[in-house]
Protein chains: 2
Amino acid sequence: MAVNAPHLSPTLPVPGFRAGTASCGVKSPELKGKRQDVSLIVADVPCHAAGVFTQNRFRAACVKLGEATLHANAHNIRAIIANSGNANAGTGKLEKQWSEDMISSAAAAVGLDTDKILSASTGVIGTPFPIDRIRSGMDEAVKALNENHWETAADAIRTTDTFAKWSSKKAGDYTITGIAKGSGMIHPNMATMLGFIVTDAPLSAEQLQPMLQRVADRSFNCISVDGDSSTNDTLYLLSSGIGLGHPPMDDTSEFEQALTELCIELAQLIVRDGEGVSKFVTIEVTGAASKADARTVGRSIAVSPLVKTAFAGSDANWGRILSAIGNAGIEIDTDKISLKADNVIILESGNLHPEYRDGDGMAVFAEDEFSLHVDLGLGNESATVWTGDLTHEYITINAEYRT
Amino acid sequence: MAVNAPHLSPTLPVPGFRAGTASCGVKSPELKGKRQDVSLIVADVPCHAAGVFTQNRFRAACVKLGEATLHANAHNIRAIIANSGNANAGTGKLEKQWSEDMISSAAAAVGLDTDKILSASTGVIGTPFPIDRIRSGMDEAVKALNENHWETAADAIRTTDTFAKWSSKKAGDYTITGIAKGSGMIHPNMATMLGFIVTDAPLSAEQLQPMLQRVADRSFNCISVDGDSSTNDTLYLLSSGIGLGHPPMDDTSEFEQALTELCIELAQLIVRDGEGVSKFVTIEVTGAASKADARTVGRSIAVSPLVKTAFAGSDANWGRILSAIGNAGIEIDTDKISLKADNVIILESGNLHPEYRDGDGMAVFAEDEFSLHVDLGLGNESATVWTGDLTHEYITINAEYRT
């Protein structure tokens, strides 16, 4: 029950990149041939690359390997191999071997060295990884490689997502195309879920890495579905531009702006498709002493089960929002806090607004999209966080996920 | 749908203390005469007292006033006045006045100075406080004062609690009787919900305060229902012993042991009666570098929506438990972690135990009470945390609480 899932415009091809998929029955052999579950992205030239990863201390082997590969080879990346249906996480010693085997089989299929290939896995944690089934589908993925197959690639990395998520942007003459997945276990911390972005804009790895971190902080790190960060969150950005012979970009501001818009779009799609989510809520926090404080307050509201069930119940129970602000753990002055829901002023400088009527608040909370605006009255920094509600559907999905 | 709510033994009277209640229609005037919602505890002699309060930065006026009263007068406390049905929180300037008015009206009714009276409020946040209705019931509460009315007093502080919670213990010749309430917004941080404990053991305020903090850390601070800390959490401990003329206690170890048992009992009752809770889960964390680390890991597991929905679904989805450990934010070594559910070994030193079968785990998770044991393999410290599951019933209760 996604909230106002928009009709997505077709993806734009990006010079230097092709994508292909395969149906391997990763989650169970019976699914082979029924749904695509392996995505392969291949670059025709060496790419500069950047990555942002989960801060969960239980990092899956693919995350650790990807980080090491980027560390050694960020100027010469050629492919990403990814699967849904199994996170290959929490299985101890075997995990690393399986992750290496997946990269090896992709390397063999596309004729590249393993140290030029990044990988990502998503799905159930703690279940043995079906490496043989994945290996047997690799040629199928290579045969499917095509510059227009981004939408299929987005489809193949879905787990509980109800729709595939992609976006393309232009930055001057260059193109950015990104795909992402995510629906539950969404509370990214530094990175998120899976997101793969490619561009032909000629940026070096040294330019890409800090930019991707900044952009992730303003997009994927500003959403929360259920407050749980996954073991496998990974966001990769590959640029073919330098490999294609374009002169390196000096002024990257237009590109960063386009990349930010693309990432915010993908991040919002993830919230709209959040497990059981029936409302899409934008939380704007202003008047904070620092950007980090603003985001902390926004996320504290966004993860509170009591706030999220109030959203679900269309109940303008703003006391729970105050309580969540108080739980954020940052210094606040309760006499300076103001709160609005859309244009309805609820609290002004710590006091209930004399004209506030519960019915006005309830009318806003009854909408399927609305915004909360919290002003902390302490400084000039701000942040925007996007979240959904906590519904019966979330319980149903997650009490029955494996069965 | 409380989980195995035990039959509670009758409370023991405590020399020096009486309790009484009134029905004031705090939540709505129609409830007047239908349910008790104001509790008054009066001591016949000056009491030494201690208090532990919420760490939520949005602290209700009664919390701030109580802290100030204890600071000024911890050797001479005579009464606690408390109400359910309205938290008197989040209402700005009026809040403090209403809180002072409740104390004044109790002071007038029992003939004491206001600076000897502590207060507490619980219920909906952000709704105007019906001080007139409360004031009008004060004489009723005074008339009801009786050394055996603890169970009624426990009943009158309930909000969404499905049963009243109390416990009595003996420590040598002395008696400890405590009452508590709490069902949702339960993730105490330093203190919890409402808890009022009285004893005739002759301990000074200087002995009581650090002891209460230690005991809260091992009891109320080790439970979680939904990860939300309330604005009004308050735990008070009053001792009449010195006022009754007993010689001050030197060796307080037996008393602290009894107090700890009583608080753990009350804390567990709160989890058993947690909103929508259908399972009672004990999480033991051992092998931690510090007690704080152990509790942080236990609480991270206890608050994860994905872990809690797995409990609800009787799904031994232990990958989610590992992910929650990884999200705790403390240093871990994933190769050293072991995990058991009751006596079923799942993970040993980071690897799936060769004899683990999913059916064995599922059998444990199907029980309505079970324990998880996490060994971090890093040190010798440990902690135990108690929690419940996250069910459809929780959503129903909290999406409809005010309506």
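All of the numbers you see were taken from the coordinates with simple rules; none came from a lab. Because the structure is predicted, anything quoted here is derived from the model rather than measured. Cβ: placed from backbone, ideal geometry, glycine included. Neighbour counts: every protein chain shown.
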- Task: With N set to the residue count of segment A:280-399, report its C-alpha Rg divided by 2.2 N^0.38 Å to two decimal places.
- Result: 1.01
- Note on the structure: Residue by residue through segment A:170-176, the couplings from Karplus 6.51 cos²θ - 1.76 cosθ + 1.60 with θ = phi - 60°, in Hz, x for Gly and Pro, are 9, 10, x, 7, 9, 10, 10
- Measuring from a point 7 Å past the Cα of A:Leu94 along Cα-to-C-beta, which residues in segment A:9-28 have an amide N at less than 16 Å? A:26-28
- Query: Along Cα→Cβ at 7 Å, what distances in nm separate the A:Pro248 label point from those on the other copies, shortest first?
  - Reply: 7.4
- Compute the distance in nm between two label points, each set 7 Å from the Cα along the Cα-to-Cβ direction, one at B:Glu206 and one at B:Thr162. 4.8
- Note on the structure: If amide H atoms are modeled at 1.01 Å from N in the peptide plane, then the residues at a separation of 5 or more from A:Leu194, or on another chain, having amide H under 5 Å from its own are A:Lys181, A:Thr234
- Task: Just need the Rg to Rh number for the protein assembly as shown, please, alpha carbons only, Kirkwood Rh.
- Result: 1.02
- Kirkwood Rh, angstrom, segment B:105-152 [1 / mean 1/r, Cα pairs]: 12.6
- Which value, to two decimals, describes the C-alpha radius of gyration of segment A:4-148 once divided by 2.2 N^0.38 Å? 1.03
- Shortest first, in nm, what separates the label point of A:Asp115 from those of the same position in the other copies (7 Å along Cα→Cβ)? 7.7
- So what is the diffusion coefficient of segment B:74-217 in µm² per second by Stokes-Einstein at 20 °C and 1.002 mPa s, using a Kirkwood Rh over Cα pairs? 130
- Query: Can you tell which of B:Met138, B:Val45, B:Val307 lies farthest toward the positive end of the dipole of chain B, using +1 and -1 charges on the Cβ of basic and acidic side chains (Lys, Arg; Asp, Glu)?
  - Reply: B:Met138
- Item | Computed helical MRE - 222 nm, chain A, DSSP H runs ≥ 4 contributing -39500 (n - 2.57), nearest 500 | -9500 deg cm²/dmol
- Item | chain A: angle of helix A:205-218 to the longest principal axis, Cα-based, in degrees nearest 10 | 30
- Checked chain B with the C-alpha gyration tensor, a ≥ b ≥ c its square-rooted eigenvalues, rounded below a/c of 1.5, otherwise prolate if a/b is larger than b/c and oblate if not; verdict prolate
- If you draw the axis that swings chain A onto chain B, which residue of A has its Cβ closest to it, and how far is that in whole Å? A:His392, 3
- So, in nm and shortest first, the distances from B:Lys336 to its counterparts in the other copies, with label points 7 Å along Cα→Cβ, work out as 4.3
- Query: What residues from segment A:275-316 fall in the zone where the backbone N is under 17 Å from a label point 7 Å along the Cα-to-C-beta line of A:Asp368?
  - Reply: A:275-282, A:311-315
- Note on the structure: Measuring from the longest principal axis of the C-alpha atoms of chain B, the long axis of helix B:291-303 (C-alpha) lies at a number of degrees, nearest 10, equal to 90
- Note on the structure: Mean Cβ-within-10 Å packing, highest first, puts peptides B:116-126, B:370-380, B:152-162, B:31-41 in the order B:116-126, B:152-162, B:31-41, B:370-380
- So in chain A, what percent of DSSP beta bridges are antiparallel if you round to the nearest 5? 70
- Note on chain A: contact order normalised by length, alpha-carbon pairs under 8 Å, 6 or more apart, percent, works out to 18
- Consider just the alpha-carbon atoms of segment A:8-48 and return their Rg together with their Dmax, both in angstrom. 13.8, 38
